[in-house]
Amino acid sequence: MYRLAIDRAYRRQGIAGRLLSEAETWLKSQVVKRVGAVLEKDHPWVTGFWDSTEFYLEPLDIRYVRDL
């Protein structure tokens, strides 16, 4: 899963949680052992959602990027 986003009109209805649960069920059936979420710094409101899940905060490695 690359992105989990819910339209503003449909937020706070449990949709993201249900989508995440279904994705995790499928991933487990594929014998996936670990999943992660990368949050954008300019979207601080999403941390509340992830804090409500069983995901935990783990320090990230340094990421190098370059604009062309």
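List of remarks:
- Within region 1-22, residues that are closer than 15 Å to residue 45 by Cα have Cβ atoms under 9 Å from residues that are part of a loop (DSSP other than H, G, I, E, B) and of a type in the set (A, V, I, L, M, F, W, C) in these pairs: 4/37; 12/6; 16/4; 16/5; 16/6, counting only partners at least 6 apart in sequence or on another chain.
- Residue identified as outside any loop (DSSP other than H, G, I, E, B) and within 17 Å of the chain's Cα centre (by Cα) among 49, 55: 49
- Within region 19-56, the set of residues being loosely packed, with under 10 Cβ neighbours inside 10 Å and among the aliphatic types (A, V, I, L, M) comprises 31, 38.
- For region 47-68, a residue qualifies if it is among the β-branched types (Val, Ile, Thr) and either modelled with pLDDT under 85 or touching a Phe, Trp or Tyr at 6+ places or on another chain (Cβ under 9 Å) (or both), and the qualifying residues are 62, 65.
The values are calculated or read from the model by the stated rules, or taken from the named source; none is laboratory data. What you see is a predicted model; the values in this text were computed from it and never measured. When we count neighbours, we look across all protein chains shown, and the Cβ atoms used for this are built from the backbone with ideal geometry, even at glycine.
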